[in-house]
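Student: Questions regarding the structure given below will be posed in turn.
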Amino acid sequence: MSAPVTPPTPAPTAVGAQVPPERAERSGPPRARRRGPRTPGRIRRASLPYLLLLPALALELLIHLVPMVIGVVMSFKTLTQFYIRDWTTAPWAGFDNYRISVDFSAPVGKDLLDSFVTTCLFTVASVALCWLLGTAAAVFMQESFRGRGPLRALFLVPYALPVYAAVITWAFMFQRDNGLVNHVLHDQLGLGGDRAFWLIGDNSLYALLTVSVWKGWPFAFLIVTAGLQNIPKELYEAAAIDGAGMWQQIRRITLPALRPVNQVLVLVLFLWTFNDFNTPYVLFGRSAPKAADLVSLHIYQSSFVTWNFGTGAAMSVLLVLFLLVVTGGYLLLTSRGRKSADA
Amino acid sequence: MPSPSPTAPPRSFVWSRRVFLTLLTGFVLLPVYVMASSSLKPLQDVSGRFRWLPSGLTVRPYLDIWKTVPLAEYFVNSLIVAGAATVLSVVVAVFAAYAVSRYRFRGRRVFTVTVLSTQMFPGILFLLPLFLIFVNVGNTTGVALYGSRGGLILTYLTFSLPFSIWMLIGYLDSVPRDLDEAAMVDGCGPLGALLRVVVPAAVPGIVAVAVYAFMTAWGEVLFASVMTNDTTRTLAVGLQGYATQNDVYWNQVMAASLVVSVPVVAGFLLLQRYLVAGLTAGAVK
């Protein structure tokens, strides 16, 4: 729990003055240099990082770069089920797949746009709620009280549960006739006329949102809890001596101190929620109701249900372009004055 | 953790905390309660109106789940696939993260940025091409990647490897460099220093990464639903077997959900401290 959080400052004594200043912060190679000009050793040392990276590089190439290139190529092809056996023989389609995807007056494009808008709304709502619940819980639990340990463990259960097990349970709860939700709302509270449908129709978005928040907020809780451990206790003591109450301390110290943590957290939550496939797929099956048709599932359906991989690939590429722009813009906006993550 | 403030918290704070945490606990526990209680209900209880309390307790669902679908087989498949993906990504990531954390070399930044950015791509982006690659490889070389456990393990690396590398870089950065320097002064090579000194010191981070990778792989649905066949199906797909039949045996669905959840939840709660420590060092900088 108490792992150091900022990278420790390099020990200046270890390397000393022999090291050029710009090298002083990392001490692998300079050490080697200090021990003398053994040329074979130096060559070995220079190539060592690459050797260490080799397995990762090979796998990255295999699982990320090659598929990405193929994905882009696919998006320019008319790739239906007839060409699955050998996709390279599929005829070129030029920009047709893209044109179809963004032609919002035709059914395919309109569905994609609807799905995209739904996904954006859903993501904003889900991230906001996850962040709010997670932060509130973490802040309330920053200070020790009886039962805090078990409660913290309990709060992590939704995060630890396998998605399908958790979401299937929610699907059961949202069943119209034998589910808990309608039992409480209709039978016990007497709300509304008929029992509502939750997994089809307009309500499905609320059902999806509930499940997504239930599953997602513990991650925010986990990260914010970790972030709270970095706030020096002295700040609170000084504030208390100056007469600041609990609420004031939260507003003036805790929340501002969490800003760097929140920047990473919100981005990660956004990407996960936006790209989430598992939750809608288990909740609704292969095709989601229109009101809750998220982009991931929509692309899956365009590809594996209607067997048009080319269009699916074009939609994927468009999605990635959108995510790149959003993430890039977000990082630019938030990284001012901060060191970038790997510097 | 010691109290952040020497004075006792005001009553408004204590009351807000009590109300908020109670409501939140209810929200968290609701599905857990439904899962546990429904798994012990007779079929007529879960087919009719929902009941908070079962009309009678039965363990039949726990016996039937293994017969309705070949759950044990799915269990083994999930275990093999998630375990192999975890081990593979952790081992590869330790070497890569060590290189990035300890050495300055050309392409270091490009590598980390690339790894980091692949995390933001949706799984669906890799699913389509990997599916086609696997089908083509199978047709041209006869190596069955599509539908095999090996193929599924490879696809799971698309999310577990970048995350592992990213978290471990952060974690290794927090392991004092003096440690491996001392080891090298004492005659260890860089690899010796990594294996004998850095890896033992980074155990919490490595455990955290492993827990995360395993959990994600255990819960993964997208690749599992496309890349598996009857013999390699994992729990993620297999569990839907109960729900998509004409008769939905909800008590069995809930029993099976509970059974597949217990190992990961137990493991997670046991190793939770490591995960928090690992996330603290790796993600919250």
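What follows draws every value from the coordinates through simple rules; no lab data is involved. From a predicted model like this one, the values you see are computed outputs, not experimental measurements. A quick note on method: Cβ atoms are made from the backbone with ideal geometry, for glycine too, and the neighbour counts reach across all protein chains shown.
Student: Could you pull out every residue, at least 5 positions away or on a different chain, whose amide H is within less than 5 Å of the one on A:LYS77? Hs are placed 1.01 Å off N in the peptide plane, and Pro or chain starts have none.
Tutor: A:ALA93
Student: Throw me the Rg/Rh for the stretch A:70-180, computed over C-alpha atoms with Kirkwood Rh, two decimals.
Tutor: Ratio of gyration radius to Kirkwood radius: 1.20.
Student: Now a separate question. What nm distance separates the two modelled labels at B:ALA182 and A:PHE95, each placed 7 Å from Cα along Cα→Cβ?
Tutor: Those two pseudo-labels are separated by 6.3 nm.
Student: Based on the Cα coordinates of the stretch B:43-202, what is the per residue volume of their convex hull in Å³?
Tutor: Hull volume normalised by residue count: 233 Å³.
Student: Where in the stretch A:247-288 does the label zone of A:PHE197 land, with the point 7 angstrom along Cα→C-beta and an amide N cut-off under 16 Å?
Tutor: A:284-288
Student: With label points built 7 Å along Cα→Cβ from the Cα atoms of B:LEU29 and A:ARG251, find their separation and express it in nm.
Tutor: 3.3
Student: Another one. Whole number please: convex hull volume per residue, Cα atoms of the stretch B:98-188, in Å³.
Tutor: It is 147 Å³ per residue.
Student: Over the stretch B:73-136, what lengths in whole Å, largest first, do the semi-axes of the equivalent ellipsoid take, defined as the square roots of 5 times the eigenvalues of the alpha-carbon gyration tensor?
Tutor: Whole-Å semi-axes of the equivalent ellipsoid: 28, 19, 10.
Student: Now for a different question. Starting from the Cα of A:CYS120, step 7 Å along the direction of its Cβ; do the same at A:PHE322; then give the gap between the two resulting points in nm.
Tutor: 0.8
Student: At R0 = 45 Å, how high is the FRET efficiency between B:ARG108 and B:ARG49 if r is their beta carbon distance? Nearest 0.05 is fine.
Tutor: Efficiency, rounded to the nearest 0.05: 0.15.
Student: Next question, about the same structure. What FRET efficiency would be calculated for the residue pair B:VAL19, A:LEU113, taking the C-beta separation as r and a Förster radius of 41 Å, to the nearest 0.05?
Tutor: Calculated transfer efficiency: 0.50.
Student: Using only the Cα atoms of chain B, build the gyration tensor, take square roots of its eigenvalues as a ≥ b ≥ c, and label the shape rounded, prolate or oblate: rounded if a/c is under 1.5, else prolate if a/b is larger than b/c, else oblate.
Tutor: Oblate is the answer for chain B, as a/c is 1.5 or above yet b/c matches or exceeds a/b.
Student: Further question on the same structure: Translational diffusion coefficient, Stokes-Einstein: compute it for the stretch B:140-285 using the Kirkwood radius over C-alpha pairs as Rh, at 37 °C and 0.692 mPa s, and state it as an integer in µm² s⁻¹.
Tutor: 183
Student: First check a/c for the stretch A:264-327, with a ≥ b ≥ c the square roots of the eigenvalues of its C-alpha gyration tensor; if it is under 1.5, answer rounded, and if not, answer prolate when a/b is larger than b/c or oblate otherwise.
Tutor: oblate
Student: Oh, and also: Inside 10 Å of the C-beta atoms of A:280-286, what's the mean count of C-beta atoms belonging to other chains?
Tutor: Per residue, the number of nearby Cβ atoms from other chains is 2 on average.
Student: Now a separate question. For the stretch A:209-235 and the stretch A:258-330, what is the separation of their C-alpha centers, rounded to whole Å?
Tutor: So the two Cα centres are separated by 23 Å.
Student: Still on this structure, I have one more. Where the centroid of each part is defined by its Cα atoms, how far is the stretch B:10-51 from the stretch B:117-159 in Å?
Tutor: 40
Student: Can you work out the base-10 log of I(q)/I(0) for the stretch A:111-169 at q = 0.18 1/Å, using the Debye formula on its C-alpha atoms alone?
Tutor: For the requested q values the scattering log ratios are -0.83.
Student: A further question follows. Between the stretch B:174-230 and the stretch A:148-204, what is the C-alpha centre distance in whole Å?
Tutor: So the two Cα centres are separated by 37 Å.
Student: Determine the principal axes of the Cα atoms in the stretch A:54-93, then give the extent along each, sorted from largest to smallest and rounded to whole angstroms.
Tutor: 37, 18, 11
Student: Can you pull the three principal axis extents for the Cα set of the protein assembly as shown, in Å, largest first?
Tutor: Dimensions of the protein assembly as shown along the principal axes of its Cα atoms: 81, 73, 51 Å.
Student: Would you please give the FRET efficiency between A:LEU51 and A:THR80, computed as 1/(1 + (r/R0)^6) with r the Cβ-Cβ distance and R0 = 35 Å, to the nearest 0.05?
Tutor: According to the calculation, E is roughly 0.20.
Student: Also, quick follow-up: Test of understanding: what is the full-extension gain from A:THR306 to A:LEU61, defined as 0.36 nm times their sequence separation minus their Cα-Cα distance?
Tutor: Gain on stretching A:THR306 to A:LEU61: 85.2 nm.
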